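Peer 1: Please read through the structure below; I'll follow up with questions.
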């Protein structure tokens, strides 16, 4: 019987059942990371991870080369990312499950990137590693055998928008820009990651952590739809541009919108780290309007 196809979220219980029934039908990726200590995620993976999980590193695997003007986590080269995933064993059409221990802030980047590569069978483990452990499911230190898969890219299922288009939008207001950073960083306070604090003029703030309940799982589709509706009003999801500090946690807002049934929002991959790299660009500070 064919397996269920997960495209947004999967529960720990459902993933465990699937791994027990048909372990080869799932490609599990551990995306744990720490911006302040870029080796922490890999160390955590070595100490214990989900059975069969491959480790993917935000800087090395899920981002491209930095030039100083293209942001802190530029998109990786598409062909290189395809090769990275195929080399680990990803097959065409295979169900991918991404997880971290940070509420999905890094795993959502892989979810988005796979959609960008035209692969829709990708889901986030809802609640991440803590949810897996809360269900009394086991971790392992065994690393999966590397056997090359036949993964290929297809037409993107994800939409991107570049810096010039975001800058034009300040005048045209065709799009509504949603900034996924914490409210203090949006206001231009406590900026520790980028040289200049503030936000893109006209951007509205929706902190990605507001997509989660206290236990780190996503809020219900109904709740997310209401909360995004309160920000966006009558704006169509296709007119929404999600950004954050470097194009990572913005993917969490794209995912939350998809869970809510608000399909087709775009990602501005360079986000604030690219925008603020040129001090001549317009910038705003202060609270959410």
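Peer 1: In the set 64, 71, 89, which member is in contact with a helix residue (DSSP H, G or I) (Cβ under 9 Å, 6 or more places away or on another chain) and on the phi > 0 side of the Ramachandran plot?
Peer 2: On the way: 64 fails: on the phi > 0 side of the Ramachandran plot; 89 fails: in contact with a helix residue (DSSP H, G or I) (Cβ under 9 Å, 6 or more places away or on another chain).
Result: 71 is the single residue among 64, 71, 89 that is in contact with a helix residue (DSSP H, G or I) (Cβ under 9 Å, 6 or more places away or on another chain) and on the phi > 0 side of the Ramachandran plot.
For (1) more than 16 Å from residue 249 (Cα to Cα); (2) surrounded by fewer than 19 Cβ atoms within 10 Å (Cβ to Cβ); (3) in contact with a helix residue (DSSP H, G or I) (Cβ under 7 Å, 6 or more places away or on another chain), each residue gets a yes or a no:
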{"position": "169", "(1), (2), (3)": "yes, no, no"}
{"position": "184", "(1), (2), (3)": "no, yes, no"}
{"position": "196", "(1), (2), (3)": "yes, yes, no"}
{"position": "209", "(1), (2), (3)": "no, yes, no"}
{"position": "214", "(1), (2), (3)": "yes, yes, no"}
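Peer 1: Tell me which of these residue 28 doesn't satisfy, since it passes every other one: (1) exposed (fewer than 14 other Cβ atoms within 10 Å of the Cβ); (2) over 24 Å from residue 272 (Cα atoms); (3) under 16 Å from the mean Cα position of the chain (by Cα).
Peer 2: For residue 28, the exception is condition (1).
Peer 1: Please enumerate the residues belonging to the stretch 48-80 that are surrounded by fewer than 14 Cβ atoms within 10 Å (Cβ to Cβ) and under 19 Å from residue 278 (Cβ atoms).
Peer 2: 65, 67, 68, 69
Peer 1: Across the stretch 127-156, what is the total count of residues that are outside any loop (DSSP other than H, G, I, E, B) and surrounded by fewer than 14 Cβ atoms within 10 Å (Cβ to Cβ)?
Peer 2: 2
Peer 1: Mind counting the residues in the stretch 190-205 that are touching a residue at least 24 places away in the same chain (Cβ under 8 Å) and either in a helix (DSSP H, G or I) or closer than 14 Å to residue 245 by Cβ (or both)?
Peer 2: 10
Peer 1: Could you please find all residues in the stretch 264-287 being surrounded by fewer than 24 Cβ atoms within 10 Å (Cβ to Cβ), under 22 Å from residue 236 (Cβ atoms) and in contact with a helix residue (DSSP H, G or I) (Cβ under 7 Å, 6 or more places away or on another chain)?
Peer 2: Within the stretch 264-287, just 264 meets the criteria.
Peer 1: What's the number of the condition residue 234 fails, among (1) surrounded by 14 or more Cβ atoms within 10 Å (Cβ to Cβ); (2) farther than 30 Å from residue 130 by Cβ; (3) more than 18 Å from the chain's Cα centre (by Cα)?
Peer 2: Tallying (1) surrounded by 14 or more Cβ atoms within 10 Å (Cβ to Cβ); (2) farther than 30 Å from residue 130 by Cβ; (3) more than 18 Å from the chain's Cα centre (by Cα), residue 234 fails exactly one: (1).
Read-outs throughout are calculated quantities, based only on the coordinates presented, and are distinct from any laboratory measurement. Quantities reported herein were computed from a predicted structural model and do not represent experimental measurements. Here the Cβ is made from the backbone with ideal geometry for all residues, glycine too, and neighbour counts use every protein chain on show.
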